[in-house]
Amino acid sequence: MLPESFNRDLLRQLELLKLQGRRAFLGSRQGGHLSLKRGHGIEFSDYRQYELGDNPRHIDWGVYARSDRLYIKRFQEEQDLPVLLLLDTSSSMTTPAAERKWERARDVALAIAYVALMQQDSVRIGVLGRFVSPNYYGARAIHQVGDLLLGVAPGGQVDFPRAVRDAASQVRFPGVAIMISDFLLPFDQIQAAFGSLRAKNLDITAIQVLSESDRNPLAYGEPVIAVDSEDGREIELMLDDQTRAEYDQLLERHTARLTDYFAESRIGFSRVHTNEALDAYLVRGLTTTGLLR
Amino acid sequence: MISALLASFGMLYPVALTGLPIVAGALVYAYLRRGRGRRVTVASLLLLAQLRQRAPARRRFIPPIRFIFELLLLSLLLFGVAGLYRRAAGDTVAIVVDTSLSMAARISTDALGATPLQRTRAAVEELVASGATHDQYELFVTSPTLRSLNGTPVAAREIRTALAGVEAVAADDNLGAVLDHFAAADKFDRVIIFTDQQATVDPKSGGDPRISLRTLVSPAERREMHNVAIVGIERTRSLAADESEVAVTVTGFGVTRENVRVVLGAIPPPEGAGEKNFSLEEARAARTDRRTLGERTVILKDGVPEIVRFSGVRQGYETVSARVERTRPEFRDAINVDNAAYLSSDERATTVEVVSDLDIQALGLARVASAKFVHRSVNEYQSKYENAVAPPGERSATVIFHRYVPRALPPTNALFVMPEVGSPLIAVASESRNVAVTRSLASHPLVTYLNLSVVTFPILRVLQLPSWGEALIMTTAGIAAYAGSVQERRYAVFGFEIFPYEGKKSPLLSILLLNSLKWLADLNTNSGFVTVPTTLRNVTEVHRIDSSGDDSSDKGEKIASVADGSATIDTPGIYVTHDGTGLRRTLAANFFNEHEFDVSRDTFVRIPEPGRRTEHTPFSEAERNLAGRIAIIALVALLIDWSIIFLRSVRRRRMV
């Protein structure tokens, strides 16, 4: 089952998209992506000198005509692309519930999974801190993925680095990893988490989901006791002109730091706001990362 | 004025007020938190926590009106929990007068020859005169049963009026049960008991501090008091001749060697062949007509009973009276009531109802000739008396319940034998086997003259003593038997089996049963007498034609105490009764109680520890229910206030 936002129009648009890794990987099955394995696939890769025992049918006679030397054509094998989707289900993704940050993260993950499954890639869902699903194959598996994600009830506190490390430990073949979170956590935890993924030689993309309240968390000019949705910490504050300006600066700094880090680490990065249309983001926003085309 | 107002309040649990500073502190803390602004949950404090200047400087806490309102309510709640109550102005004092027979004993060394009861009147007068203006008093008498003469605490002057009518009666003092009753009751600030006995207390607990005993006779005075009493009278009939023998047992208390004369007199038989019962006119005439049947002189030593036998009492002289008279004019006999004893020949069998799943034969009661037993099975009893819709009609005056306990005490005298386990009415603590008797209450008519120390009960249901009961037989496992009175009805309970009745084969149990029937059913097992105080049932008129009391004025006249076909008699003597059908009955009534007769020895009664208060707790009286009302009002107001705060916060959260 798929969420209501996955109407026919959206699905048609998704079917036109193609998921691609920015690098080639060793896949385990035949699929639509170029593999590092060299063998007898369709696409020409390279030449090498003829050796006794090679199949004479692969001799490139054109090269022989030009060079009087015998060369064999080499081809790249086309394999499936393992896709790992990691979702942050901590309480920050559900606060405030009305802005539906989690629902947006879920829908983005589902859309990417749909694209991947349609092109015969394997998809695995990691719900951070809870479980990592088995591999799903084939277009029909999208309903299973939909049921899985619709059944997740987000909330609570997640040890982000540990959860990502646990999920990464289950990866057997390098492929694509997409992390979807709001990344409103200390920078060292973000680094530690992505470090685990990088150690697995994955092609990583980070998608940050933000809502309006992340930009404007509090009412202006009212003394409040702000309570952290995950650990329950409290601070007293009042948002006035000065503190408001300071908050904006902090947010900008945090975002810039994220962007710089991802760039340095060759991690694709995209940001989606909850008030942005899903199809528009998928078609325009995600394609800028090179993940979809 | 304020101090007087404050003094008029009391508190049950003042320690609860130590919570006041805690509650106040908690409320201040809650308000300080509330003043910090509303709580808003945000996705993450990651960035907000980095803000350099977050909150304005905290203002000084100025309590709003709501804070004061809530603090007041919480304080009221605490006062309610502390059990605030309004004291009655002045003390409530119970004045308990021992009205047993020994209180009518003349104190020989007293210049006026006063009795302890006369001294009590003076002592009570002095007590109320020295009491506080607002003190209230309730007057009780102990005998024949504990009862209040006022019904409710009254002012001192009303006590004086009630005191004038207090007289000693031929009855036991029941002081043990009386003290236990007041130790358990919380109605009185002080309980003062006027008696001729001495008080003892447990050295560890010290006894209930509210209860005090005023002893009206000193040990030195007691040593000079002497009493001669008839302690028993019995008729034995010879089967061969138409004569009988009357044996009169006489004992001297506090005497050395005292010569006394025992005289047996008879009231001539009524006219009419074979008639044994007097008509009213004959009863009046018999007031002065006496025949002396015999006279004996006997020397009494202290505490040693002497049996004086009068043989050859001719048939016809069925109603006899025995008197013991001093021979020395200077001998001062302390009590007169015990100088006479009576016998009559009322041979009408008393009907005793027996409720048991065993029949009369199996219970051995067919051998008891002096009573007529009517058997009912348990189911029959329940249908007729417990589950019946219509009133059951006339009942026997005495019922024996064997291995069954009804839902409520019956409106008759009753004996319970081996009560069922689990009954709330007659509580059984446990069941034990092969239990030996440790002691028995020798002065009680049920067990008097019985040597129970040799008895072992094969099966004993150990009994829990009710407030109205007096333990009769104690064993290694607990109480084996007790007896007592409730609203002038007598009840006895045996936790051991006394059936089947086997006569001489098991003499102790047989005597125990006969004593019980005699005590409960006025059973004339020996053509004898009833024991006062007792209630005569199914009578329309009662006349006294002889008595040993000093009040001889009403002899032969009606005793104006017949109510609903019952009359209570409390003076030894000869009574003539009529029932509605014209049936006449001549009854002898006696009181034999060596505990009351022996006025020469100090007797002691223990003041119990404060019992678990079961009556008249402060919250049982409307005027002291202040604490409950305060607590409820405060709690309701607080709940409404906090509900409003909660609903407002929910609404705010929804808006966020």
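The values are calculated or read from the model by the stated rules, or taken from the named source; none is laboratory data. Note that this is a predicted model, so its numbers are computed, not measured. No Cβ is skipped: glycine too gets one built from the backbone with ideal geometry, and neighbour counts run over all protein chains shown.
Residue by residue through region B:387-410, note down the ones that are modelled with pLDDT under 90, surrounded by 13 or more Cβ atoms within 10 Å (Cβ to Cβ) and of a type outside the set (S, T, N, Q).
B:395, B:397, B:409, B:410
Give the number of residues within region B:559-588 that are touching an Asp or Glu at 6+ places or on another chain (Cβ under 9 Å) and closer than 30 Å to residue B:302 by Cα.
Number of matching residues: 5.
Restricting attention to region A:216-242, which residues are in contact with a helix residue (DSSP H, G or I) (Cβ under 9 Å, 6 or more places away or on another chain), at the interface with chain B (Cβ under 7 Å from one of its Cβ atoms) and outside any loop (DSSP other than H, G, I, E, B)?
Those that are in contact with a helix residue (DSSP H, G or I) (Cβ under 9 Å, 6 or more places away or on another chain), at the interface with chain B (Cβ under 7 Å from one of its Cβ atoms) and outside any loop (DSSP other than H, G, I, E, B): A:223, A:225, A:226, A:228, A:235, A:237.
Is it fair to say residue A:98 is closer than 23 Å to residue A:217 by Cβ and either within 14 Å of chain B (Cβ to nearest Cβ) or touching a residue at least 40 places away in the same chain (Cβ under 8 Å) (or both)?
Against the criterion (closer than 23 Å to residue A:217 by Cβ and either within 14 Å of chain B (Cβ to nearest Cβ) or touching a residue at least 40 places away in the same chain (Cβ under 8 Å) (or both)), residue A:98 qualifies.
Quick test of your reading of the structure: residue A:156 fulfils all but one of (1) within 14 Å of chain B (Cβ to nearest Cβ); (2) touching a residue at least 40 places away in the same chain (Cβ under 8 Å); (3) touching a strand residue (DSSP E or B) at 6+ places or on another chain (Cβ under 6 Å). Name the failing condition by number.
Just one mismatch for residue A:156, condition (3).
If I filter region B:514-544 down to residues being at pLDDT 80 or above and in contact with a Gly (Cβ under 9 Å, 6 or more places away or on another chain), which single residue comes out as nearest to residue B:266 (Cα to Cα)?
B:544
Which count do you get for residues in region A:101-111 that are away from chain B (no Cβ under 13 Å) and over 13 Å from the mean Cα position of the chain (by Cα)?
So the answer is 2.
List every residue pair whose Cβ atoms lie under 6 Å apart, where the two residues are 6 or more positions apart in sequence or sit on different chains, the first residue falls within region B:403-423 and is among the small types (Gly, Ala, Ser), and the second residue, located anywhere, is crowded, with 17+ Cβ neighbours inside 10 Å.
Within 6 Å, the pairs are B:414/B:399; B:414/B:491; B:423/B:405.
Residues to consider are A:160, A:183; find the one that is surrounded by 19 or more Cβ atoms within 10 Å (Cβ to Cβ), more than 13 Å from the chain's Cα centre (by Cα) and on the phi > 0 side of the Ramachandran plot.
That would be A:183, the only listed residue that is surrounded by 19 or more Cβ atoms within 10 Å (Cβ to Cβ), more than 13 Å from the chain's Cα centre (by Cα) and on the phi > 0 side of the Ramachandran plot.
Only one of A:245, A:280, A:263 is part of a helix (DSSP H, G or I), surrounded by fewer than 18 Cβ atoms within 10 Å (Cβ to Cβ), more than 7 Å from every other protein chain (Cβ to nearest Cβ) and modelled with pLDDT of 90 or more; which? Break it down into steps so the answer makes sense when it comes.
Numbers: A:245 fails: modelled with pLDDT of 90 or more; A:280 fails: modelled with pLDDT of 90 or more.
Result: A:263 is the single residue among A:245, A:280, A:263 that is part of a helix (DSSP H, G or I), surrounded by fewer than 18 Cβ atoms within 10 Å (Cβ to Cβ), more than 7 Å from every other protein chain (Cβ to nearest Cβ) and modelled with pLDDT of 90 or more.
Taking residue A:270 as the residue in question, decide whether it is of a type in the set (Ser, Thr, Tyr), in contact (Cβ under 8 Å) with a residue 60 or more places away in the chain and at the interface with chain B (Cβ under 10 Å from one of its Cβ atoms).
No.
Restricting attention to region B:360-375, and to residues there that are modelled with pLDDT of 90 or more and in contact with a strand residue (DSSP E or B) (Cβ under 9 Å, 6 or more places away or on another chain), which single residue is farthest from residue B:513 (Cα to Cα)?
Residue satisfying both the conditions and the ranking: B:375.
Return only the number of the condition from (1) small (Gly, Ala, Ser); (2) modelled with pLDDT of 85 or more; (3) not in a strand (DSSP E or B) that residue B:580 does not satisfy.
All conditions pass for residue B:580, except number (2).
In region B:138-181, which residues are within 16 Å of residue B:193 (Cβ to Cβ) and free of Cβ contacts under 8 Å to residues at least 12 places away in the same chain?
Across region B:138-181, the qualifying residues are B:147, B:148.
Just the residues that are of a type in the set (A, V, I, L, M, F, W, C) and either within 14 Å of another protein chain (Cβ to nearest Cβ) or part of a helix (DSSP H, G or I) (or both), please, taken from region A:167-190.
So in region A:167-190, the residues of a type in the set (A, V, I, L, M, F, W, C) come out as A:167-168, A:171, A:173, A:176-180, A:183-185, A:187, A:190.
Correct list: A:167, A:168, A:183, A:184, A:185, A:187, A:190.
Within region B:266-279, identify whether any single residue is at pLDDT 75 or above and surrounded by 14 or more Cβ atoms within 10 Å (Cβ to Cβ), and answer yes or no. Show your work before the answer.
Step one: filter region B:266-279 for residues at pLDDT 75 or above, giving B:266-267.
Pick out the ones that are also surrounded by 14 or more Cβ atoms within 10 Å (Cβ to Cβ) and you get B:266-267.
Yes: one or more hits.
Just the residues that are of a type in the set (Ser, Thr, Tyr), in a loop (DSSP other than H, G, I, E, B) and closer than 21 Å to residue B:547 by Cα, please, taken from region B:328-359.
If the condition is that a residue be of a type in the set (Ser, Thr, Tyr), in a loop (DSSP other than H, G, I, E, B) and closer than 21 Å to residue B:547 by Cα, then B:344, B:345 are the ones that fit.
Within region A:191-213, track down each residue that is more than 11 Å from chain B (Cβ to nearest Cβ) and among the aliphatic types (A, V, I, L, M).
Within region A:191-213, A:192, A:193, A:197, A:199, A:202, A:204, A:206, A:207 meet the criteria.
Search region A:69-91 for residues being modelled with pLDDT of 80 or more and out of contact with any helix residue (DSSP H, G or I) (no Cβ under 8 Å at 6 or more places or on another chain), and hand back the single one that is surrounded by the fewest Cβ atoms within 10 Å (Cβ to Cβ). Steps first, answer last, please.
Kept after step one, since they are modelled with pLDDT of 80 or more, are these residues of region A:69-91: A:82-91.
Filter once more, so that each one left must be out of contact with any helix residue (DSSP H, G or I) (no Cβ under 8 Å at 6 or more places or on another chain): A:82, A:91.
Working: A:82: 27, A:91: 20.
Top of the filtered list is A:91.
Do we find that residue A:187 is farther than 19 Å from residue A:125 by Cβ, among the aromatic types (Phe, Trp, Tyr) and modelled with pLDDT of 90 or more in this structure?
Spelling it out, residue A:187 is indeed farther than 19 Å from residue A:125 by Cβ, among the aromatic types (Phe, Trp, Tyr) and modelled with pLDDT of 90 or more.
Given the criteria of a type outside the set (Phe, Trp, Tyr) and touching a Phe, Trp or Tyr at 6+ places or on another chain (Cβ under 8 Å), does residue A:145 qualify? Please lay out each step first, then the result.
Values: of a type outside the set (Phe, Trp, Tyr): yes; touching a Phe, Trp or Tyr at 6+ places or on another chain (Cβ under 8 Å): yes.
Here the answer is yes, as residue A:145 does meet what is asked.
Among the residues of region A:90-127, what is the count of those that are under 20 Å from residue A:1 (Cα atoms) and assigned to a loop (DSSP other than H, G, I, E, B)?
Looking only at that region, the number is 5.
Tell me the strands (runs of 3 or more DSSP E) entirely within region B:156-253 that contain at least 1 residues that are within 30 Å of residue B:129 (Cα to Cα).
So the answer is B:190-195, B:198-201, B:211-215.
Before we move on, is residue B:57 within 14 Å of another protein chain (Cβ to nearest Cβ) and modelled with pLDDT under 85?
Against the criterion (within 14 Å of another protein chain (Cβ to nearest Cβ) and modelled with pLDDT under 85), residue B:57 qualifies.
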